[in-house]
Amino acid sequence: MTVRPAVPADVGDLAAVHLRARRAAPMPEPAHPDSTLAPFLATRIGADQVWVAEAGERVVGYARHTASWLDDLYVDPSAARRGVGTLLLDVVKDRLPDGFCLWVFESNTPARAFYARHGLLALERTDGSANEERSPDIRMAWPGRDPVAFLRGLVDEVDAELGDLLARRAALTRAIQPLKTDPSRDPAREREVAERIARRVPELGTDRLAPVVDAIITASLDAAR
């Protein structure tokens with residue numbers, strides 16, 4: 001078994017492995033026609049890092065990654081359970097020693113178990129509304145040689161997004177105040193807000209989130225005065 005960088009001539013083999021592996025896995029139907037895959041992969045060779053696993057002269061798997069994400073790791077079903085996926089994943093770990101993330105469909109339990117066995121952490125679950133297949137997925141991560149630093153980096157990204165959201169929330173609160181006929185706060189509506197957020201963050205729950213909502217609204221109203 002050998003692993004090497006992909007070249008443009010590999011595109012047909014990569015697309016074939018991708019399609020066979022996906023059909024054999026418990027995954028939702030692709031969002032795009034099969035005919036679009038090879039042209040897409042052709043644009044990624046050179047733009048991303050693409051690694052090909054070969055048994056003899058036959059392509060049996062490939063991995064594609066950026067500087068921080070593993071976007072593809074597919075193994076031909078005929079070569080399953082022969083260490084191909086492990087070999088490709090080890091190459092990606094070697095190339096990205098500071099860690100990386102990936103998305104895996106919740107339904108793809110074999111892939112989830114594979115990544116967990118190789119030290120990846122499940123970080124978050126979604127309802128699938130943000131992916132093209134509209135299927136629940138899980139963000140997993142290999143935290144690299146310094147897991148605390150890697151995870152703190154992800155926290156910093158979330159904090160930046162949270163700051164943007166709080167700025168929007170404060171601006172909307174400020175805009176609505178002159179339009180209200182009753183300036184008093186509405187506890188029932190604030191409870192509904194906490195409940196809506198809790199549906200997206202069930203592990204926190206409404207009771208834990210209610211004080212957070214109260215603090216955000218209080219601070220936004222203070223800033224609007």
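The values are calculated or read from the model by the stated rules, or taken from the named source; none is laboratory data. Being a predicted model, the structure only gives us computed values, none of them experimental. Here the Cβ positions follow ideal geometry from the backbone for every residue, glycine too, while neighbour counts run over all protein chains shown. The accessibility values were calculated without ligands, DNA or RNA, using every heavy atom of the protein model including side chains. Shrake-Rupley method; radii C 1.70, N 1.55, O 1.52, S 1.80 Å.
Restricting to the range 198-221, name every residue that is open to solvent by 60 Å² or more (accessible area, probe 1.4 Å) and either more than 20 Å from Ala170 (Cβ to Cβ) or at pLDDT below 95 (or both).
Matches in the range 198-221: Arg199, Arg200, Pro202, Glu203, Leu204, Asp207, Arg208.
Under 7 Å between Cβ atoms, at least 6 apart or on separate chains: pull out the pairs that start in the range 146-157 with a residue that is under 12 Å from Asp98 (Cβ atoms) and end on any residue that is open to solvent by 60 Å² or more (accessible area, probe 1.4 Å) and charged (D, E, K, R).
What qualifies is Phe150/Asp98.
Residues that are of a type outside the set (Asp, Glu) and closer than 30 Å to Leu89 by Cα, at least 3 per element: which helices (runs of 4 or more DSSP H) completely within the range 141-225 meet that?
147-176
For the range 124-140, how many residues are open to solvent by 70 Å² or more (accessible area, probe 1.4 Å) and assigned to a strand (DSSP E or B)?
The total comes to 2.
Just checking, which of Ala130, Ala116, Ala167, Ala122 is farther than 24 Å from Glu203 by Cα and small (Gly, Ala, Ser)?
Ala167
Could you give every pair whose Cβ atoms fall below 7 Å, whose first residue belongs to the range 101-130 and is on the phi < 0 side of the Ramachandran plot, and whose second residue is small (Gly, Ala, Ser) and assigned to a helix (DSSP H, G or I), counting only separations of at least 6 or pairs across chains?
Pairs that qualify, where the first residue is on the phi < 0 side of the Ramachandran plot and the partner is small (Gly, Ala, Ser) and assigned to a helix (DSSP H, G or I), are Val104/Ala111; Phe114/Gly85.
Taking only the range 169-197 into account, find how many residues are within 25 Å of Glu124 (Cα to Cα), touching a helix residue (DSSP H, G or I) at 6+ places or on another chain (Cβ under 8 Å) and open to solvent by 90 Å² or more (accessible area, probe 1.4 Å).
Qualifying residue count, the range 169-197: 1.
Any idea which of (1) modelled with pLDDT under 95; (2) within 30 Å of Pro28 (Cα to Cα); (3) hydroxyl-bearing (Ser, Thr, Tyr) is the one Ser135 doesn't satisfy?
Exception for Ser135: condition (1).
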